[in-house]
Amino acid sequence: MVYAFLINTIVPGTPRLIYYDIYGQDGVADESRDITGDVLKSIRKAQIQLVSERVHSEYQFRRAISGRSVEEDVLRVSNDDTLPEFEVGFFRLGMGEIFNRERYVVWLGAGYTAFSVVCEISENRLLAESVLRLLIRYLQEHVRVLTQPSETGLRSERVGVVLNTFLPSGNLLFLNHRLIRQLEKEVDNQIKA
Amino acid sequence: MALQAVDNLLQKARKASDEDIEKLCNNILETFDVPEKSAECTNLLRQLFFILQSSEHPTGISKKLLANLITSVGSMSEKNTKHCLLCQRIVKEVMPLEAEDVSELLQPEAGSSGTKNLIPLYIAQGKRFGCIKPVLSSAIRWLSSQSYDFESQRQGFVFLVAVSILHSSSLNTDYIQTTSEQISQWLLNASVQQAPNPYTINPFRKDQTNVVNEVDGTPSQNFFTLLNIGQYYTEDQLMNIYSFSMLYKWLYHCHQHQTSTDDQIPVYSKVFGNLSSKTVDYCFRVLDQCERKVKVGSDSDLQTACLYEAVCILDLICTIDGGHIPRVHQEIKRLYSRIYQDTTYFPVIIQILQFFLNHSGAVVHDPQETYNNVFTDILMNSYGDQGLMFDLICFIRKNLETLCYKTSVLSTFFPNIFKILAWHPRTFLGEFIDILPALMTPSTSLEIFHTLLDLPCMTAALEVKEKSPDSLSNTSVSTSTNTPTTSIDAYQMALYRPLFIFITRIEGGHGDTINRLKSLHSVLDDLKKSARVLVTSQTVPVLLRVWFEEILENGGQEFAIQLLPVLLERSDLLYPITEFVKDVKRIISENLVKIMKKYKSIITSQYGEISDFLISTSNIVNRENFYTNLVWCVGEFCSVQHSELCTADLIAKYYGLLEAVTYETSGILVASNNSSDITPKTLSCLISALAKLATRCQDLIPRAILCLTKVAKQHIDNTEDPEGGEILVTRCQELINILKLPNFASMILNPSQEIETGRWHRDNTCLPIILRSTHRYLVTDG
């Protein structure tokens, strides 16, 4: 079960969170009754924000070394029908760095947006990457997440359907091509319903 | 522009006041469950969710709405998934709920079909005001009886695995046993028939019941796994896929919990029951299926991911129950020999290495060949693959102790390992801070010091290699001796190629550094502004600090003696990136003092090295801090107090040396019209050191007073730098006055070591009191 999934902007400046969903919990603080629910919510938001900032910084570095301008980068996603080539990255978050336990982040980014999953250390890195690719493919198909990022936060029910199908309760599943087709149809039907 | 829209929306959402939200909640309540207003309701729910998710402060919603939303989540079905998921997301956003709301709205009802749909909410609520316990018992019931529907079983399993990850202490042995038994069932007993197409209803057509296929298209003749291809999948097949996908996590977290709480010898292998052996069977079948050639391209990625997972699971199973090692080890060895050269499987090979590291001892197998493969070929060819390097760094961190004490991998291959940082400096600095001390041994530390200082060059050289056309990088190099215009040209010249080969070498131990470092720096000059090189150069100061800390902690005097000439040399032999050079010089200068403070006798024993350096005033240029720090150390530590070998003769030699330098720098300062590289600070430091040395060999005092007087005279009417001149004159005068009272001078300029232990103001013989009385003397005399 991944801790969280998030989408944030990656153009220069402060990264903006476009969407996130948290599946896990972060250690003792969640269980302590001395901390109010509101404080926990604030901590949770701040943590996700920190993850997005780290992803943003990793992406800026990639952009700098590839010597690409933001405009060129954005052009890569202007075509609605084909997915651009993504920058892919992985980094570890040590215990106490952002979360109370050790976790790691897998991210993919292109154009305006980066997509990340925050994984427990027991998670399969290769699987996390391929599921993330699937999520992007279907989020682009159903909410145009790469080309119209502002729509994503508003059409959250569609985002919810895609996530719930391909990342049910935050679980990374091994999906062969036929099962992907089966789930794809389920998503179509649920969105149409 | 698309992003402007994002900003506008976010700002609007953040401006929403509590009243706005309340109004929105009321509007939702009015439309909720009114069929003809469902579109409007969805729209409002979207807005509410967006506001909640973008607000910077936690926001609440009305209890009535919360109750409605939770009811809606509980009633989720195929027809209203979209709506219910949106409700679920809104509730999750305001979670965790407070005690009262939990007891009223979120209590699991035994036997209620809604409970299963609330599982994501129970997980989000966690242990706060507890719904874990009651839900756990429901989940176990759903799992252990076949009479429950697929969705209940699926949700129950998801819940149990989530609890194992997040709250493993809530799982007792019974829960683990029951769940494990059920996982075994799902793994090995799924049907092998394909499911019928659920989207066509044709009562006249007989449903074909075909068996599922293998990835290569042949019909399956063995039990079902996730690598079997069918047109559609049945529910039990889906549970099979869920089981394999979550198996490692289940075993890992339960095992972690068991081993951290049980003091007894491994009874924990029993709690998983026959799950261990069933798991081995399943994984073996998966290994087998991964040898088949896929019919659809995308499945080959799946095969790699499955192999990776299967090896991790088998590794864990062998840790849980050593009885499986012989059989599994043989199979993993076979797998290794099949894939060890195949780039696609490199990530799997690192997991295989982990397996060998853990279990080869039990079957007398030496995995050295695998170590070599990973730390030479794989690392050398794939350092650019961040995912793979992530795996490798995690492997090193996880096994740091074993690698450090039981193998020579780290001390042999550290130059290759540094490539990971040199190529991904933004990403892996934290990890290198952790592993650096383990790379350092008495025989590697100096070479690592050079490697760190030249890390930006390593990055630059790797960039050159990347950019050079493939055809040129391996074939003949030109024998031209012209000065190359670019680093890529230089790389293709026989004269420079060895420098590139050295800086990107794989193994350590072939000499700490090279003589022609300067020419390497100069041919790489065109890359000093490259983004990657710059970021690498920013990591060096951080790691240098770690390096020096380790040396100060464990280096020993012998090592410090070897280090001294290296510091003298490298303090001005650095790849010319302005900030980098500044930082590194500062760190080296600071640490020179720390090392000399710890091993004070070095000043005495290494007179030759130190005097050769100090005598030449050209060494002050570009590294004044380093030079003055060394002068300070001589003044401070050249004393019998710190080394029995320190003789009056040696003090006199150091004195003579510093006196000569003092005259020279003083002259340069006066003549330089304020434009020299030397500042009054150096001179001030030199005269202080002279005075200190003179107090330890009182014959020198008249000579020191003479020298100080001359310096003062030279600077008394320094019109170019009146401020500096004045400071120097005052300083000379002070020292002369102190030296005129030799007994006091010795106390003041050689304070006892207690100065460091803090007796300053508590003792009658402490320095402030002596100074005060000296002052009084001088004032009344004067």
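The values are calculated or read from the model by the stated rules, or taken from the named source; none is laboratory data. In this text the structure is predicted, and so the values were computed from the model without any measurement. Counting neighbours? That spans all protein chains shown, and the Cβs are built from the backbone with ideal geometry, glycine included.
Residue selection: B:S137 fails the criterion of being surrounded by fewer than 22 Cβ atoms within 10 Å (Cβ to Cβ), outside any helix (DSSP H, G or I), more than 10 Å from chain A (Cβ to nearest Cβ) and over 36 Å from the mean Cα position of the chain (by Cα).
None of B:P751, B:P680 is within 22 Å of B:Y655 (Cα to Cα) and at pLDDT 80 or above except B:P680. Within the span defined as the range B:389-403, one or more residues are under 28 Å from B:V584 (Cβ atoms), surrounded by fewer than 21 Cβ atoms within 10 Å (Cβ to Cβ), at pLDDT 95 or above and among the charged types (D, E, K, R). Checked against the criterion of being more than 30 Å from B:V640 (Cα to Cα) and of a type in the set (D, E, K, R), the range B:677-698 contains one or more residues that satisfy it.
Is it true that some residue in the range B:515-535 is more than 26 Å from B:Y496 (Cα to Cα), out of contact with any helix residue (DSSP H, G or I) (no Cβ under 9 Å at 6 or more places or on another chain) and either aromatic (F, W, Y) or not in a loop (DSSP other than H, G, I, E, B) (or both)? No, because not a single residue in the range B:515-535 is more than 26 Å from B:Y496 (Cα to Cα), out of contact with any helix residue (DSSP H, G or I) (no Cβ under 9 Å at 6 or more places or on another chain) and either aromatic (F, W, Y) or not in a loop (DSSP other than H, G, I, E, B) (or both).
Is there a residue being at pLDDT below 90 and at the interface with another protein chain (Cβ under 10 Å from one of its Cβ atoms) anywhere in the range B:209-221? Within the range B:209-221, not a single residue is at pLDDT below 90 and at the interface with another protein chain (Cβ under 10 Å from one of its Cβ atoms). Being under 25 Å from A:S122 (Cβ atoms), in a helix (DSSP H, G or I), among the aliphatic types (A, V, I, L, M) and in the same structural domain as B:V566 (by TED's automatic domain parsing) is a description that applies to B:L429.
Each row is one residue, and each column tells you yes or no for (1) within 22 Å of A:R62 (Cβ to Cβ); (2) assigned to a loop (DSSP other than H, G, I, E, B).
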| position | (1), (2) |
| --- | --- |
| A:F90 | yes, no |
| A:E97 | yes, yes |
| A:G109 | yes, no |
| A:S116 | yes, no |
| A:S122 | no, yes |
| A:E129 | yes, no |
| A:V145 | yes, yes |
| A:S150 | no, no |
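Here the condition is being surrounded by fewer than 22 Cβ atoms within 10 Å (Cβ to Cβ), at pLDDT below 95, within 12 Å of chain A (Cβ to nearest Cβ) and on the phi < 0 side of the Ramachandran plot; of B:V267, B:V296, it holds for B:V296 alone.
If only residues of the range B:15-43 that are over 27 Å from B:C84 (Cβ atoms) and of a type in the set (D, E, K, R) are counted, the one that is nearest to the other protein chains (Cβ to nearest Cβ) is B:K15. Looking across the range A:160-176, just one residue is under 23 Å from B:K116 (Cβ atoms), at the interface with chain B (Cβ under 9 Å from one of its Cβ atoms), in a loop (DSSP other than H, G, I, E, B) and touching an Asp or Glu at 6+ places or on another chain (Cβ under 9 Å), and that is A:L172.
Answer yes if at least one residue in the range B:159-166 is assigned to a loop (DSSP other than H, G, I, E, B) and more than 9 Å from chain A (Cβ to nearest Cβ), and no otherwise.
To start, the set of residues in the range B:159-166 that are assigned to a loop (DSSP other than H, G, I, E, B) comprises none.
Within the range B:159-166, none of the residues are assigned to a loop (DSSP other than H, G, I, E, B) and more than 9 Å from chain A (Cβ to nearest Cβ).
Within the set A:L132, A:L179, the sole residue that is more than 9 Å from chain B (Cβ to nearest Cβ), closer than 27 Å to B:E151 by Cα and modelled with pLDDT of 90 or more turns out to be A:L132. Among residues that are surrounded by 15 or more Cβ atoms within 10 Å (Cβ to Cβ) and under 39 Å from the mean Cα position of the chain (by Cα), B:K127 is included. Within the range B:56-104, the set of residues being more than 10 Å from every other protein chain (Cβ to nearest Cβ), among the small types (G, A, S) and part of a helix (DSSP H, G or I) comprises B:A67, B:S72, B:G74, B:S103. Tally time: how many residues in the range A:89-105 are more than 8 Å from chain B (Cβ to nearest Cβ) and either under 30 Å from B:D7 (Cβ atoms) or surrounded by 24 or more Cβ atoms within 10 Å (Cβ to Cβ) (or both)? The total comes to 5.
Checked across the range B:179-196, the condition of being closer than 30 Å to B:Q88 by Cβ and touching a strand residue (DSSP E or B) at 6+ places or on another chain (Cβ under 8 Å) holds for no residue.
With touching a residue at least 12 places away in the same chain (Cβ under 8 Å), touching a Cys at 6+ places or on another chain (Cβ under 9 Å) and either within 10 Å of another protein chain (Cβ to nearest Cβ) or surrounded by fewer than 18 Cβ atoms within 10 Å (Cβ to Cβ) (or both) as the only criterion, which of A:I121, A:I191 stands out? Reasoning before the result, please.
Working: A:I191 fails: touching a Cys at 6+ places or on another chain (Cβ under 9 Å).
Residue meeting the stated conditions: A:I121.
Just for helices (runs of 4 or more DSSP H) wholly inside the range B:230-310: which have at least 2 residues that are under 27 Å from B:T343 (Cβ atoms)? Can you show your working first?
Details: elements: B:235-261, B:268-271, B:275-289.
Hits in the range B:230-310: B:235-261, B:275-289.
In the range B:183-202, what residues are among the aliphatic types (A, V, I, L, M), under 17 Å from B:N228 (Cβ atoms) and outside any loop (DSSP other than H, G, I, E, B)? Once the filter is applied, which keeps residues that are among the aliphatic types (A, V, I, L, M), under 17 Å from B:N228 (Cβ atoms) and outside any loop (DSSP other than H, G, I, E, B), the range B:183-202 yields B:L187, B:L188.
Within the range B:360-388, restricting attention to residues that are within 14 Å of another protein chain (Cβ to nearest Cβ) and surrounded by fewer than 20 Cβ atoms within 10 Å (Cβ to Cβ), the residue that is farthest from B:H450 (Cα to Cα) is B:G387.
Contact map, the range B:281-301: residues that are within 17 Å of B:N240 (Cβ to Cβ) paired with residues that are part of a loop (DSSP other than H, G, I, E, B) and acidic (D, E), Cβ distance under 7 Å, separation 6+ or inter-chain. Pairs shown: B:Q289/B:E214.
Need at least 2 residues that are charged (D, E, K, R) and in contact (Cβ under 8 Å) with a residue 40 or more places away in the chain per element, so show me which helices (runs of 4 or more DSSP H) inside the range B:311-377 make the cut, counting only ones lying wholly within it.
In the range B:311-377, B:325-339 are the helices (runs of 4 or more DSSP H) which contain 2 or more residues that are charged (D, E, K, R) and in contact (Cβ under 8 Å) with a residue 40 or more places away in the chain.
Each row is one residue, and each column tells you yes or no for (1) acidic (D, E); (2) surrounded by 14 or more Cβ atoms within 10 Å (Cβ to Cβ).
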residue	(1), (2)
B:K23	no, no
B:E30	yes, no
B:Q47	no, yes
B:F50	no, yes
B:P58	no, yes
B:M95	no, yes
B:E109	yes, no
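Taking the range B:646-676 as the range and being closer than 13 Å to B:G635 by Cα and among the acidic types (D, E) as the test, only B:E659 passes. The selection criterion, being buried (at least 17 other Cβ atoms within 10 Å of the Cβ), in contact with a His (Cβ under 9 Å, 6 or more places away or on another chain) and in a helix (DSSP H, G or I), does not hold for B:I588. For the criterion of being in contact with a Lys or Arg (Cβ under 9 Å, 6 or more places away or on another chain), away from chain A (no Cβ under 12 Å) and of a type in the set (D, E), B:D174 fails.
Tell me, yes or no, whether the range A:61-68 has at least one residue that is assigned to a loop (DSSP other than H, G, I, E, B), more than 10 Å from chain B (Cβ to nearest Cβ) and under 18 Å from A:L108 (Cα atoms).
As a first pass, look at the range A:61-68 and keep what is assigned to a loop (DSSP other than H, G, I, E, B): A:67-68.
Of the ones still in play, those that are also more than 10 Å from chain B (Cβ to nearest Cβ) are A:68.
Adding the requirement that they be under 18 Å from A:L108 (Cα atoms) leaves A:68.
Yes, some residue in the range A:61-68 is assigned to a loop (DSSP other than H, G, I, E, B), more than 10 Å from chain B (Cβ to nearest Cβ) and under 18 Å from A:L108 (Cα atoms).
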